[in-house]
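Below is one structure, written out as structure tokens; comments come after it.
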Amino acid sequence: MIQKIEPPYWWNSFENKQLQLMVYGQNISQYDVKTKDADHLLRLDGTEITHNPNYLFINFTLKENISAEFFTIQFFKGEDIVEEILYELKERNIQNKYKDDNLTIQPKDVVYLIMPDRFSKGGQFKSKRLFERENRDKPFGRHGGDLQGIIDNIDYVKDLGCSTLWLTPVLENNAKEYSYHGYGITDYYQVDERLGSNDLYLELSQKLHQNKMKLIKDVVFNHIGIQHKWLSDIPDDNWLNNQLYIDRYEAKNYLGTNYHVNTSFDPYASSEDKISTQEGWFTDQMPDLNQNHPLLAKYLIQNTIWWIEYAQLDGLRVDTFGYVFKEFNDQWCKAILKEYPSLYIVAEVLVGETSYAARYNTYNKHNTSAVTDLPLAFTACNSFSKSDKSKYWESQMLQLYNQLSQDFLHKNPYQLLTCLDNHDITRVFSKVKTVERLKLAIGFLLTTRGIPQLYYGTELLFEGEESDHSSLRNDFPGGWDKDKVNAFTAEGRSDAQNEIWNFISKLLKWRKNAKAIAEGKLVHFIPLDEVYVYFRISKAQSIIVLINNNDKEEVKIDFSKYKSCVKGYEVGKNILSNLEFKLKENMFLSPLSISILELK
């Protein structure tokens, strides 16, 4: 009778004592529910039914200071017990990191973004049940990367100097095509069989923690995949937005999103545009969830808590945050932060304007820790792609300066997740074109404010255009046994790849212990002649970063121009070359160069 219960188990000591079980089975709603020998653990508050008789929602209130144990749930028809199940309450592993004064992810961290299917194949995980099979000849197909491949290459990421992994979604995505990216979830409680298992995901988390590294989970509440079992037996009449399309499958009833999240704050936006943004489907293969449905909202909140507790996660990245109902985002943030006050949560807001991005970090009573700073990414990639001083007010370094000067709009700019690219936008090397310019961009990213994110393959000069998502998500060379090149080793990388790899690694290893980065404030000076100078200043350390964005001109630096920041210091030591420069003397910056000086 009972086919599925979610969550599959729970824990004994959360702040919120409410627990809701979603029970699925043929005509399950016709049965009465009781508990057996469970009065010392919890109170049965009753059940809720929907328009679909195959779903039953059971509500409990857990008592204080209860032990971890099983209890029995009984299903009655009249006086007869039709079925009994044992439900487990596990002992909660309360971690200090979730109650700390500092967030779990901090400015000293560097995030390495991986699309698991495209990184490395370490196991032989196949599925007879799921539609898509491995085929590396198909650019948009599954290529076979998995969690074991990531576990096997933790040392690579650590040697590069990154502290944190963000994986695109690893939960089951049973789409008939394009399932590799993971964003069309078809089971919220199961890792995709082709990537591994829940146990393997837990092992990944544990091994990262053993290496003093961290794990961010990518969560998706805006939509699901069209092959989710809910679509064949929808829990309730308004479980989805635009549900009439599913009921009838008539094209005239389909409503897609307009991809304009700025409509939420646009004072002139039409009601049609607002509805399309919030309720339209992301694609016709991604049904839009109605998070304002109270039972679904509770389901999604509990699912988040379940994964945090199960894998002892260090952070969450919330996909398509701006497409989700504002009320749910507030409710979700409140519930998660009640249990995990210091958990780092970053909302994906794919916009080019700081005003819109920042608003999504402050528009509720309860908000995420940060948003993705894609406005800075777009500006930085443009600024470092060329040099043009013909129009001062449009010069590249001034545009970058002006972009950062808008930080007064942000709640805390030092917590923003910064990047130059990711799996959705054109790769940075396709924009800047040369290793020299890539060094400028990466050097800036790793020394300005925020928590930087590097996308796998940037250290190998990967290219790719936003117009062709498959090109953004190429396989990592050496991730498969039959690969002719293994870029996980220096021997397998080209001279140019090793040049940028070594640059990044050296900078990251210095950055790891740089108090000026971890704690320091940012002070920058108005750029002149395509030279951008800024400081990171803490009580323990101060650094100066000098960027010459000119293609051919050497530039003389007079440190007396920056006397408010260099006062009391005599020399600056270049952290990349170890050369020292006296601050009373002029310094010369080569064309297309970045110098990072630790002041002494």
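The values are calculated or read from the model by the stated rules, or taken from the named source; none is laboratory data. Owing to the predicted nature of the structure, the values given are computational and were not obtained by experimental measurement. Note that we place each Cβ from the backbone using ideal geometry, even for glycine, and neighbour counts take in every protein chain shown.
Taking ASP388, is it crowded, with 22+ Cβ neighbours inside 10 Å and acidic (Asp, Glu)?
So ASP388 does not fit the description; no.
Every residue in the range 188-215 that is within 17 Å of ASP146 (Cβ to Cβ) and crowded, with 19+ Cβ neighbours inside 10 Å, please.
VAL191, ASP192, ARG194, LEU195, GLY196, LEU200, TYR201, LEU204, SER205, LEU208, LEU215
If I go through the range 527-554 residue by residue, how many of them are in contact with a helix residue (DSSP H, G or I) (Cβ under 6 Å, 6 or more places away or on another chain), surrounded by fewer than 18 Cβ atoms within 10 Å (Cβ to Cβ) and either touching a residue at least 24 places away in the same chain (Cβ under 8 Å) or within 30 Å of TYR156 (Cα to Cα) (or both)?
Residues that pass the stated criteria total 1.
Being at positive phi and free of Cβ contacts under 8 Å to residues at least 40 places away in the same chain is the filter here; which residues of the range 32-68 pass it?
Selection gives ASP37, GLY46.
Residues of the range 431-474 being closer than 16 Å to GLN497 by Cβ and touching a Gly at 6+ places or on another chain (Cβ under 8 Å), which ones?
ASN474
Here's a check for you: in the range 193-229, which residue that is part of a helix (DSSP H, G or I), hydrophobic (A, V, I, L, M, F, W, C) and in contact with a strand residue (DSSP E or B) (Cβ under 8 Å, 6 or more places away or on another chain) is farthest from PHE57 (Cα to Cα)?
Once the filter is applied, the top-ranked residue is LEU208.
How many residues are in contact (Cβ under 8 Å) with a residue 60 or more places away in the chain, within 26 Å of TYR180 (Cα to Cα) and surrounded by fewer than 18 Cβ atoms within 10 Å (Cβ to Cβ) when one looks only at the range 230-253?
Result for the range 230-253: 1.
Any idea which of ILE345, ILE308, ILE301 is in a strand (DSSP E or B), surrounded by 20 or more Cβ atoms within 10 Å (Cβ to Cβ), at pLDDT 95 or above and within 18 Å of the chain's Cα centre (by Cα)?
Going through ILE345, ILE308, ILE301 in turn, the sole match is ILE345.
Of everything in the range 122-178 that's of a type in the set (D, E, K, R) and either part of a strand (DSSP E or B) or within 22 Å of PRO107 (Cα to Cα) (or both), which residue is farthest from the chain's Cα centre (by Cα)?
Of everything passing the filter in the range 122-178, GLU134 is farthest from the chain's Cα centre (by Cα).
Being of a type in the set (Val, Ile, Thr) and either in contact with a strand residue (DSSP E or B) (Cβ under 7 Å, 6 or more places away or on another chain) or surrounded by 15 or more Cβ atoms within 10 Å (Cβ to Cβ) (or both) is the filter here; which residues of the range 455-500 pass it?
THR458, ILE500
Quick check, is ASN135 more than 22 Å from ALA311 (Cβ to Cβ), without any contact (Cβ under 8 Å) to a residue 40 or more places away in the chain and surrounded by fewer than 18 Cβ atoms within 10 Å (Cβ to Cβ)?
Yes.
Mind checking which residues of the range 321-364 are farther than 26 Å from LEU404 by Cβ and hydroxyl-bearing (Ser, Thr, Tyr)?
TYR323, TYR340, SER342
Restricting attention to the range 230-246, which residues are assigned to a helix (DSSP H, G or I) and touching a helix residue (DSSP H, G or I) at 6+ places or on another chain (Cβ under 8 Å)?
Across the range 230-246, the qualifying residues are LEU231, LEU244, TYR245, ILE246.
Residues that are surrounded by fewer than 21 Cβ atoms within 10 Å (Cβ to Cβ), in contact (Cβ under 8 Å) with a residue 60 or more places away in the chain and at negative phi: does the range 359-371 have at least one?
Yes; the residues of the range 359-371 include at least one that is surrounded by fewer than 21 Cβ atoms within 10 Å (Cβ to Cβ), in contact (Cβ under 8 Å) with a residue 60 or more places away in the chain and at negative phi.
Give the residues of the range 545-600 that are under 14 Å from TYR532 (Cβ atoms) and of a type in the set (Lys, Arg), sorted by residue number.
Selection gives LYS561 alone.
Got a sec? Which of ASN502, ASN513 is part of a helix (DSSP H, G or I) and either farther than 21 Å from GLN106 by Cα or at pLDDT 95 or above (or both)?
Result of the check over ASN502, ASN513: ASN502.
Mind checking whether some residue in the range 162-171 is surrounded by fewer than 19 Cβ atoms within 10 Å (Cβ to Cβ) and over 18 Å from ALA311 (Cβ atoms)?
Taking every residue of the range 162-171 in turn, none turns out to be surrounded by fewer than 19 Cβ atoms within 10 Å (Cβ to Cβ) and over 18 Å from ALA311 (Cβ atoms).
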